[in-house]
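What follows is calculated from the coordinates using simple rules that are stated; it is not laboratory data. As the structure is a computational prediction, the values presented were derived from the model and not from experiment. Here the Cβ is made from the backbone with ideal geometry for all residues, glycine too, and neighbour counts use every protein chain on show.
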Amino acid sequence: MSSRCETCGGWSFGGHKCDPLFTYNIPEMMDDEWRETRALSHVDAAENACEENDRGSGEYSIMRYEGINVVRVRDAEGVEKRFSIVAEPVPTYYATEIIDSADDPTAEEVEG
Ligand SMILES: [Zn+2]
């Protein structure tokens, strides 16, 4: 049985343990504001920061400008690391099965 963890929002399957808490700041976009995210490392937290910022703003400006110069990330002990980010949109493909019908011109060719 699985449910959402009330602390981190992740799916919990029995022995769930929350990822460590980090805080991040993107100086170009957030002034002095620091927000929280959960991740396994500083670098994961930096990537989360950009994803959350893009999704939160709805503008996807980090993705559209293919990155951002500086993301500051601090762990629970206050150790700060700084990252530059490169971003790219990921193409998504959707397939719809073509059902053979009398007026489908490709029906004969794909016959095995
Ligand atoms: Zn959790």
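Estimate the FRET efficiency between TRP34 and THR96 by the formula 1/(1 + (r/R0)^6), using the beta-carbon distance for r and 41 Å for R0, to the nearest 0.05. If you can, show how the numbers build up before the last one.
Details: r = 45 Å, r/R0 = 1.09.
Step by step, r from the Cβ atoms, then E = 0.35.
Taking Cα atoms, how many degrees apart are the long axis of helix 42-57 and the longest axis of the chain, rounded to 10 and kept between 0 and 90?
70 degrees
So, by mean Cβ neighbours within 10 angstrom, what's the order for 81-88, 3-10, 42-49 with the highest one leading?
On the way: 81-88: 13.5, 3-10: 11.9, 42-49: 20.2.
Highest mean packing first, the order is 42-49, 81-88, 3-10.
With N set to the number of residues, divide the alpha-carbon radius of gyration of the chain by 2.2 N^0.38 Å and report two decimals. Walk me through the numbers before you get to the answer.
Values: Rg = 21.4 Å, N = 112, 2.2 N^0.38 = 13.2 Å.
Compared with the compact-globule rule of thumb, the chain sits at 1.62.
Using Cα springs under 10 Å in a Gaussian network model of the chain, which residue among GLY15, GLY67, GLY58 shows the largest mean-square fluctuation?
Residue with maximal mean-square fluctuation among GLY15, GLY67, GLY58: GLY15.
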